[in-house]
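The structure's right below; bear with me while I get my questions together.
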Amino acid sequence: MVAIHDIKAARERVAGVIVRTPVLEDPCGSGLLFKAEHLQRTGSFKLRGATNRVMRAQAEGAEHVATGSSGNHGQAVACIAHRLGMRATIVVPRDASPAKVRGIRSYGAAVEFCGLTSDERLARAAEIARARGAVFVPPYDDEDVIAGQGTVGLEILEQVPDVRVVYVPVGGGGLISGTATALKESRPSVRVIGVEPELANDTYLSRQRGEVVSIGPTTTIADGLRTSHPGELTWPVVQRYVDDIVLVSEDEIRAACRYLLRQAKQVVEPSGAVSVAAAMRTGGRVLAVVSGGNVDLAPEDLVPFPTPH
Ligand SMILES: *Cc1c(COP(=O)(O)O)cnc(C)c1O
């Protein structure tokens, strides 16, 4: 299991690449604090874990990396591979957002489309890695990835030393298992609460049953959280360190995105806003990890007022 010393080592390794993102106070006076990973390089926290893993691959002699991702992990792997002078092949779902695909291609990576579920594209990426001699970089079920994501937790402790409650979006569980490890192994009294969409409640159901449960394909607007089950490595960490998993509706996710955009002036994607949706129920001085900001804005969204005639 990843321990806090692994996360501290990851932090040293990724220091020159990742941004120490700010903690923003809600300007509307709700008391909410936002750990602003939508302001991370590549627009999501995924760069932390990807950098930690790809740097190890390069140190071990790899020249080519491959992964399967709904977008943000793919973009992160493409970015760090480009920076390190390595090749990258990214398998994305057939319905991946154009902004995310453009982001991946802008780093010079090859994009392949496959299926709709994370299992399909991960299997395809692993196959590509075997066939072409690349190193497969999992999006969450990997110790280096988890340790990299955990650097979010180390920064939170420094930036908000008196933090008491932290809400974290949950997909495959890499972000929350790393972050919870950093928080709980430093300060066990911090409450760590995972947040999933009602439509992608695999970790919530797994907690209820006490064992890993898989769900079918889902259509939640939070496309980064459409995983079908918690990871093999992330699940025991969730069981050990996460205090609770809560669910938010699609309407609550949209409302949180609107609030962040209109009131807080932050561009946040639905997956990144589920934590804020949950935190808004209670309010007060609680911290929400805002995990990403890669959202497609349609031109009509950018027109602030009706045009005069
Ligand atoms: C990947 C992702 C998540 C979920 O992270 P996991 O490590 O899979 O739990 C949350 N938010 C955004 C924006 C993501 O890209």
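The values are calculated or read from the model by the stated rules, or taken from the named source; none is laboratory data. Here the structure is a predicted model, which is why all the values come from computation and not from measurement. Don't worry about glycine lacking a Cβ; one is built from the backbone with ideal geometry, like all the others, and counts go over all protein chains shown. Keep in mind that these areas ignore ligands, DNA and RNA; they rest on the heavy atoms of the full protein, side chains included. Shrake-Rupley method; radii C 1.70, N 1.55, O 1.52, S 1.80 Å.
Each row is one residue, and each column tells you yes or no for (1) small (Gly, Ala, Ser); (2) within 17 Å of VAL290 (Cβ to Cβ); (3) open to solvent by 10 Å² or more (accessible area, probe 1.4 Å).
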site: LEU24; (1), (2), (3): no, yes, yes
site: GLY29; (1), (2), (3): yes, no, yes
site: HIS38; (1), (2), (3): no, yes, yes
site: MET55; (1), (2), (3): no, no, yes
site: GLN58; (1), (2), (3): no, no, yes
site: GLY74; (1), (2), (3): yes, no, no
site: ILE90; (1), (2), (3): no, no, no
site: ALA99; (1), (2), (3): yes, no, yes
site: LEU122; (1), (2), (3): no, no, yes
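Name the residue that is nearest to the ligand (Cβ to nearest atom), counting only residues in the stretch 257-296 that are touching a residue at least 60 places away in the same chain (Cβ under 8 Å) and of a type in the set (Lys, Arg).
Of everything passing the filter in the stretch 257-296, LYS265 is nearest to the ligand (Cβ to nearest atom).
In this structure, is PRO217 open to solvent by 70 Å² or more (accessible area, probe 1.4 Å), touching a residue at least 24 places away in the same chain (Cβ under 8 Å) and assigned by TED's automatic domain parsing to the domain that holds THR179?
Details: open to solvent by 70 Å² or more (accessible area, probe 1.4 Å): yes; touching a residue at least 24 places away in the same chain (Cβ under 8 Å): yes; assigned by TED's automatic domain parsing to the domain that holds THR179: yes.
Against the criterion (open to solvent by 70 Å² or more (accessible area, probe 1.4 Å), touching a residue at least 24 places away in the same chain (Cβ under 8 Å) and assigned by TED's automatic domain parsing to the domain that holds THR179), PRO217 qualifies.
Looking at the stretch 152-172, I want the residues that are without any contact (Cβ under 8 Å) to a residue 24 or more places away in the chain and have a partner that is part of a strand (DSSP E or B) with Cβ atoms under 9 Å, at least 6 apart or on another chain. Which pairs are those?
Pairs found: none.
Moving to a separate point now. Tell me yes or no: at least one residue of the stretch 12-34 is part of a helix (DSSP H, G or I), within 16 Å of the ligand (Cβ to nearest atom) and closer than 29 Å to GLY115 by Cβ.
The initial filter retains those residues of the stretch 12-34 that are part of a helix (DSSP H, G or I), namely 12-14.
Filter once more, keeping what is within 16 Å of the ligand (Cβ to nearest atom): 14.
From the residues that got through so far, the ones that are closer than 29 Å to GLY115 by Cβ too are none.
Scanning the stretch 12-34 turns up no residue that is part of a helix (DSSP H, G or I), within 16 Å of the ligand (Cβ to nearest atom) and closer than 29 Å to GLY115 by Cβ.
Still on this model: Can you tell me which condition ARG164 does not meet? The list is (1) within 15 Å of PHE34 (Cα to Cα); (2) surrounded by 24 or more Cβ atoms within 10 Å (Cβ to Cβ), and all the others hold.
Just one mismatch for ARG164, condition (2).
With GLY224, GLY231 as the choices, which residue is open to solvent by less than 30 Å² (accessible area, probe 1.4 Å), in contact with a strand residue (DSSP E or B) (Cβ under 9 Å, 6 or more places away or on another chain), in the same structural domain as PRO27 (by TED's automatic domain parsing) and not polar (S, T, N, Q)? Spell out how you get there, then give the answer.
Values: GLY231 fails: in contact with a strand residue (DSSP E or B) (Cβ under 9 Å, 6 or more places away or on another chain).
Checking each option against the conditions leaves just GLY224.
Okay, moving on. I'd like to verify a number: residues in the stretch 38-59 that are away from the ligand (no atom under 13 Å from the Cβ) and charged (D, E, K, R), how many?
Qualifying residue count for the region: 2.
Are there any pairs, at least 6 apart or on different chains, whose C-beta atoms fall under 7 Å, with the first in the stretch 241-256 and in the same structural domain as LEU32 (by TED's automatic domain parsing) and touching a residue at least 60 places away in the same chain (Cβ under 8 Å) and the second part of a loop (DSSP other than H, G, I, E, B) and open to solvent by less than 30 Å² (accessible area, probe 1.4 Å), and if so, which?
Going by the 7 Å Cβ cut-off, the qualifying pairs are ILE245/VAL170.
Could you identify the single residue in ALA62, ALA9, ALA81 that is part of a loop (DSSP other than H, G, I, E, B) and either over 21 Å from ALA147 (Cβ atoms) or away from the ligand (no atom under 16 Å from the Cβ) (or both)?
Values: ALA9 fails: part of a loop (DSSP other than H, G, I, E, B); ALA81 fails: part of a loop (DSSP other than H, G, I, E, B).
The conditions single out ALA62.
Provide a single number: the residues in the stretch 85-118 that are of a type outside the set (S, T, N, Q), within 17 Å of the chain's Cα centre (by Cα) and in a helix (DSSP H, G or I).
5
For the stretch 158-190, which residues satisfy the criterion of being under 17 Å from VAL290 (Cβ atoms) and more than 16 Å from the ligand (Cβ to nearest atom)?
GLN159, VAL160, VAL163, VAL165
Right, another one. Has the stretch 290-306 got any residue that is modelled with pLDDT of 95 or more and over 23 Å from VAL101 (Cβ atoms)?
No; the residues of the stretch 290-306 include none that is modelled with pLDDT of 95 or more and over 23 Å from VAL101 (Cβ atoms).
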